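First comes the structure, then the notes that go with it.
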Amino acid sequence: MRKLALNDEILLKIEKPARYIGNEVNSVMKDKEKVDIRFAMCFPDVYEIGMSYLGIQILYDMFNKREDVWCERVYSPWTDLDKIMREQDIPLFALESQDAIKDFDFLGITLQYEMCYTNILQVLELAKIPLLAAERTQEHPLVIGGGPCSYNPEPIADFFDLFYMGEGEKVYDELFDLYKEYKNEGRSREDFLRRAASIPGIYVPSMYEVSYHEDGTLAAFTPRYEDVPAQVEKQVVMDLDHVTYPKAPVVPFIKATQDRVVLEIMRGCIRGCRFCQAGMIYRPTRQKDVESMKEYARAMLENTGYEEISLSSLSSSDYEQLPELVNYLIDLCSEKKVNISLPSLRIDAFSLDVMSKVQDVKKSSLTFAPEAGSQRMRDVINKGLTEEVILEGAGKAFEGGWNKVKLYFMLGLPTETEEDIKGIAHLSQKIAERYYEIPKTQRVGKCQITASTSFFVPKPFTPFQWAAMNTEEQFLEKAKTVKQEVRAQVNQKSIKYNYHEADVSVLEGLLARGDRRVAQTILAAYRNGALFDAWSETFRMDAWNQAITSTGTDMNFYVHRERDLNELFPWDFIKIGVTKDFLKREWENAKQGKVTSNCREKCSGCGAAKFGGGVCYEG
Amino acid sequence: MKVRVKFSKEGAMKFIGHLDIMRYFQKAIRRAGLNAAFSEGFSPHMLMSFAAPLGVGITSTGEYFDLELNGSMSSAELTDRLNAQMAEGMHVISVRKVPDGKASKAMALVAAADYTVTFYEGKAPAGEWEKQVEAFLNQEQILVWRKTKRSEGEKDIRPWIYKLEAAENALIMQLSTGSVHNLKPELVAEAFYKYLGQEPQPFAWQVHRGEIYADLGDENGRKLVTLESLGEIIE
């Protein structure tokens, strides 16, 4: 039997010891003497969150298919264990072998949201790896980042040896082969990194020099050596039908946030909402073959024993074979007594019919994401959902027996006016009115409308990357306006309003839009005790405020100013296929309230067609 | 058909709590391709019931749950299929057919259990404690401070200790278990320390459950039989 890294005394003292013992069904054990590369795959948040993430399951399966690689997992120790590990000087370990991470060849860290950045430092520190890449030596693992936040890697560039830009299925083999070569020949870390920088999609921060203008904006971003490419190309898998996908994902013992089989049906989104980073960086939209999806659904259910299955994509309603797939799943799941958890589908006759078959109408709620309260604002953000469509969908649903509606909005969008803000309350009211149009005898009690707002963060590689972000005070003022307007509605008792924390959102803006200098702010915040910033129970704004002050970080410069059209951005060296010219055009269209067609209606020439497939070549 | 599954839970699996073990078996049963019976409704659940929850940190070689199955399959095949799905530390010992009906439900039957409390190195009571076990047990009353859902106060646990013996670095006990009088082995060990005039060190022992029994006796006395023996092997 495996020897655990933590003793019984510790494991019985901490919350949920199952987070740290490994041994889960479908986890992979190998003989460490028989592999060349040991890879620790990390999601820098607590186990239950990290285990819910599909990307790691894909790479874990893919890496372990190689005989010469053993990929294991590691997550952020929760605060209780964090304290014990520091007190007792226990090095961070991987779940499978329970061996110390510091002896691995690679530590891969997935970057899913900015608010996990201090957790990266926690993982490095507990693993006894120097926080700064510049201080690491031959004996330390290579720290590689990937995932959506690596599309602006600069604020955390100092902490990583490399980043992988794009979809992991593409060039990891090349990277591993190169690493083996370098290891066998006993060549230096620097040597390896320099050669790795030439692999398409691999970004090695230390191979680039950065200079700034007097006003603080970026002046130049240049490779240090001639053989290092000036630009890094996002990697995209064009043949999704033959790409590797885990038929037997790891099944946790404790309930993970996503505790079900997840079937990925599509990558990318045809919609082009102007605030959405995923909608741009994952272009072009590529659909997976429905027949293989059916096969995977069955195999994954049989190999995991999960009692629920869900579909994953950015917009499942745009998957053309959805009716065929869903009908198949309904049959399969009724045979296997498995629940289907439907992703947020566009509310129409088809989705309502499906939902009424797979869930208890009385208990479930409908979700709409109008994102903005007025049609004008929705045109600015290019969200193609109209009030008419929402009211029609809600009406049909109410007639079908539903009485709970969830609405998602954003506050602080570019060009936003008071009318747009109040529109959130007005739209909620209209939906409530639609409910009370149904004769009393045919409806079930009151309706419950929950309107939630998050605060808009302009993200890199979106048409809004030039936009200014609101201040915390502006956000809170706007939330107050919504609150008051909701209270002024006739059916206010049927409408509940929630809003996200404003201070965290502003920080997210700093971390999403920063440059290399922001690393010192993150480091200072971590030293001040910031950790698990994505959790409201552990988030400490004071630790961040102190760090911002002590490092002289200018929030106005990074977050609240509108950026010049000609400004060189820290992330401009990454080529995502979608061009900066297209983003500029879209920024102009936004300001004029001009809507852009979705990829299936009409190509807008975003640049993603250069990958040679997907929706760009449909029909 | 209702079957009774006997299993062991050892190694790292002792850190998995009771509810998670239930979820673990539900998935294992699906993976094993057993034709389990389900409740009706939008969220059907497997018809299974566990005999007696095992606390986190305790190992066992005598755990039980009952499971409703459609169709039939031999004990050997059921056992093999389940064992092909077990994580390290979990093992299915037997699968036997048991009569239907509430009275024969594993949970309702539980009357007693065997435990071994093994002292970690250097953490056994001081002195020749082995020789004191008999005297400890010969007391008329063993009073301990006990907190239950209903009340708190001094309780006599002596009637619920069916057996207590010293072994090498360990105490072996048979205790009343189940919904009527559920006596925990830790409580007995603590009372023994107290009797010796000693205080146990933190994390002094590992508790292991060896078997769970039903009581077929009457007012004249107990007749403990293992839950397993109430089932019959399916050929």
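Within segment B:144-161, track down each residue that is surrounded by 15 or more Cβ atoms within 10 Å (Cβ to Cβ) and part of a loop (DSSP other than H, G, I, E, B).
Within segment B:144-161, just B:Ile157 meets the criteria.
Does segment B:178-186 contain any residue that is part of a strand (DSSP E or B), surrounded by 14 or more Cβ atoms within 10 Å (Cβ to Cβ), in contact (Cβ under 8 Å) with a residue 40 or more places away in the chain and touching a helix residue (DSSP H, G or I) at 6+ places or on another chain (Cβ under 9 Å)?
No, segment B:178-186 contains no residue that is part of a strand (DSSP E or B), surrounded by 14 or more Cβ atoms within 10 Å (Cβ to Cβ), in contact (Cβ under 8 Å) with a residue 40 or more places away in the chain and touching a helix residue (DSSP H, G or I) at 6+ places or on another chain (Cβ under 9 Å).
Identify all residues within segment A:275-300 that are open to solvent by less than 10 Å² (accessible area, probe 1.4 Å) and either within 14 Å of chain B (Cβ to nearest Cβ) or not in a loop (DSSP other than H, G, I, E, B) (or both); write none if there are none.
Result: A:Gly279, A:Met280, A:Ile281, A:Arg286, A:Val290, A:Met293, A:Ala297, A:Met300.
Can you confirm whether segment A:458-466 contains a residue that is at positive phi, in contact with a helix residue (DSSP H, G or I) (Cβ under 7 Å, 6 or more places away or on another chain), at pLDDT 95 or above and outside any helix (DSSP H, G or I)?
yes
Only one of (1) in contact (Cβ under 8 Å) with a residue 24 or more places away in the chain; (2) surrounded by fewer than 20 Cβ atoms within 10 Å (Cβ to Cβ) is not met by B:Ile212, so which one is it?
Of everything listed in (1) in contact (Cβ under 8 Å) with a residue 24 or more places away in the chain; (2) surrounded by fewer than 20 Cβ atoms within 10 Å (Cβ to Cβ), B:Ile212 misses just condition (2).
For segment A:188-209, which positions are assigned to a loop (DSSP other than H, G, I, E, B) and surrounded by 22 or more Cβ atoms within 10 Å (Cβ to Cβ)?
A:Ala197, A:Gly201, A:Val204
Say whether the condition of being within 14 Å of another protein chain (Cβ to nearest Cβ) and surrounded by fewer than 22 Cβ atoms within 10 Å (Cβ to Cβ) is met by at least one residue in segment A:318-331.
Yes, the conditions are met somewhere in segment A:318-331.
In segment A:301-317, how many residues are open to solvent by 40 Å² or more (accessible area, probe 1.4 Å) and away from chain B (no Cβ under 11 Å)?
Residues in segment A:301-317 being open to solvent by 40 Å² or more (accessible area, probe 1.4 Å) and away from chain B (no Cβ under 11 Å): 1 in total.
Can you confirm whether B:Gly33 is within 14 Å of chain A (Cβ to nearest Cβ), open to solvent by 10 Å² or more (accessible area, probe 1.4 Å), assigned to a loop (DSSP other than H, G, I, E, B) and not aromatic (Phe, Trp, Tyr)?
yes
Looking at segment B:168-178, can you tell me whether even one residue there is acidic (Asp, Glu) and modelled with pLDDT of 95 or more?
Looking through segment B:168-178, none of the residues is acidic (Asp, Glu) and modelled with pLDDT of 95 or more.
Identify, by number, the condition in (1) surrounded by fewer than 16 Cβ atoms within 10 Å (Cβ to Cβ); (2) not in a helix (DSSP H, G or I) that B:Gln132 doesn't meet.
Every listed condition holds for B:Gln132 apart from (2).
Taking the options A:Glu87, A:Glu139, name whichever one is open to solvent by 20 Å² or more (accessible area, probe 1.4 Å) and assigned to a helix (DSSP H, G or I).
Testing whether each residue is open to solvent by 20 Å² or more (accessible area, probe 1.4 Å) and assigned to a helix (DSSP H, G or I) leaves just A:Glu87.
Taking segment B:36-53, which residues are within 9 Å of chain A (Cβ to nearest Cβ) and among the aromatic types (Phe, Trp, Tyr)?
Selection gives B:Phe38, B:Phe42.
Please work out which one of (1) assigned to a helix (DSSP H, G or I); (2) open to solvent by 10 Å² or more (accessible area, probe 1.4 Å); (3) in contact with a strand residue (DSSP E or B) (Cβ under 8 Å, 6 or more places away or on another chain) is the condition A:Ile156 fails and give its number.
Looking at each condition in turn, A:Ile156 falls short on (2).
Which residues, counting only those in segment A:105-117, are over 19 Å from the mean Cα position of the chain (by Cα) and open to solvent by less than 10 Å² (accessible area, probe 1.4 Å)?
If the condition is that a residue be over 19 Å from the mean Cα position of the chain (by Cα) and open to solvent by less than 10 Å² (accessible area, probe 1.4 Å), then A:Phe106, A:Leu107 are the ones that fit.
Return the pair list, or none, for Cβ contacts closer than 6 Å from residues in segment A:210-228 that are part of a loop (DSSP other than H, G, I, E, B) to residues that are open to solvent by 80 Å² or more (accessible area, probe 1.4 Å) and of a type in the set (Asp, Glu), at least 6 apart or on different chains.
Final answer for the pair search is A:Arg224/A:Glu209.
Looking at this structure, is A:Leu345 under 26 Å from A:Phe409 (Cβ atoms) and in a helix (DSSP H, G or I)?
In short, no.
Among the residues of segment B:53-60, is any open to solvent by 50 Å² or more (accessible area, probe 1.4 Å), within 22 Å of the chain's Cα centre (by Cα) and more than 26 Å from A:Gln359 (Cα to Cα)?
Checking segment B:53-60: at least one residue is open to solvent by 50 Å² or more (accessible area, probe 1.4 Å), within 22 Å of the chain's Cα centre (by Cα) and more than 26 Å from A:Gln359 (Cα to Cα).
May I ask you to list the residues in segment A:1-12 that are within 9 Å of another protein chain (Cβ to nearest Cβ) and touching a residue at least 24 places away in the same chain (Cβ under 8 Å)?
Matches in segment A:1-12: A:Arg2, A:Leu4.
Of the numbered conditions (1) free of Cβ contacts under 8 Å to residues at least 40 places away in the same chain; (2) within 7 Å of another protein chain (Cβ to nearest Cβ), B:Phe15 satisfies every one except a single condition; which is it?
(1)
Looking only at segment A:505-520, decide whether some residue is surrounded by fewer than 19 Cβ atoms within 10 Å (Cβ to Cβ), more than 19 Å from the chain's Cα centre (by Cα) and not aliphatic (A, V, I, L, M).
Yes, some residue in segment A:505-520 is surrounded by fewer than 19 Cβ atoms within 10 Å (Cβ to Cβ), more than 19 Å from the chain's Cα centre (by Cα) and not aliphatic (A, V, I, L, M).
Tally time: how many residues in segment A:160-172 are touching a strand residue (DSSP E or B) at 6+ places or on another chain (Cβ under 7 Å) and not in a loop (DSSP other than H, G, I, E, B)?
Counting residues in segment A:160-172 that are touching a strand residue (DSSP E or B) at 6+ places or on another chain (Cβ under 7 Å) and not in a loop (DSSP other than H, G, I, E, B) gives 4.
If you scan segment A:553-570, which residues turn out to be touching a helix residue (DSSP H, G or I) at 6+ places or on another chain (Cβ under 6 Å) and in a loop (DSSP other than H, G, I, E, B)?
The answer is A:Thr553, A:Pro570.
Which one of these is in contact with a helix residue (DSSP H, G or I) (Cβ under 9 Å, 6 or more places away or on another chain) and surrounded by fewer than 20 Cβ atoms within 10 Å (Cβ to Cβ): A:Lys128, A:Lys102?
A:Lys128
Just the residues that are within 10 Å of chain B (Cβ to nearest Cβ) and either within 13 Å of A:Ser97 (Cβ to Cβ) or without any contact (Cβ under 8 Å) to a residue 40 or more places away in the chain (or both), please, taken from segment A:21-32.
Scanning segment A:21-32 gives A:Ile21, A:Gly22, A:Asn23, A:Ser27, A:Met29.
Out of the residues in segment B:74-105 meeting the condition of being part of a loop (DSSP other than H, G, I, E, B) and at pLDDT 95 or above, tell me which one is farthest from the other protein chains (Cβ to nearest Cβ).
Looking at the filtered set, the residue picked out is B:Ser74.
Among the residues of segment A:220-240, which ones are more than 23 Å from the chain's Cα centre (by Cα) and open to solvent by 10 Å² or more (accessible area, probe 1.4 Å)?
Within segment A:220-240, A:Ala220, A:Phe221, A:Thr222, A:Pro223, A:Arg224, A:Tyr225, A:Glu226, A:Asp227, A:Pro229, A:Ala230, A:Gln231 meet the criteria.
Looking at (1) touching an Asp or Glu at 6+ places or on another chain (Cβ under 8 Å); (2) within 12 Å of another protein chain (Cβ to nearest Cβ); (3) farther than 25 Å from A:Val338 by Cβ, find the lone condition where B:Val56 falls short.
Every condition holds for B:Val56 apart from (1).
The values are calculated or read from the model by the stated rules, or taken from the named source; none is laboratory data. Owing to the predicted nature of the structure, the values given are computational and were not obtained by experimental measurement. Note that we place each Cβ from the backbone using ideal geometry, even for glycine, and neighbour counts take in every protein chain shown. Surface areas here come from the heavy atoms of the whole protein model, side chains and all, with no ligands, DNA or RNA. Shrake-Rupley method; radii C 1.70, N 1.55, O 1.52, S 1.80 Å.
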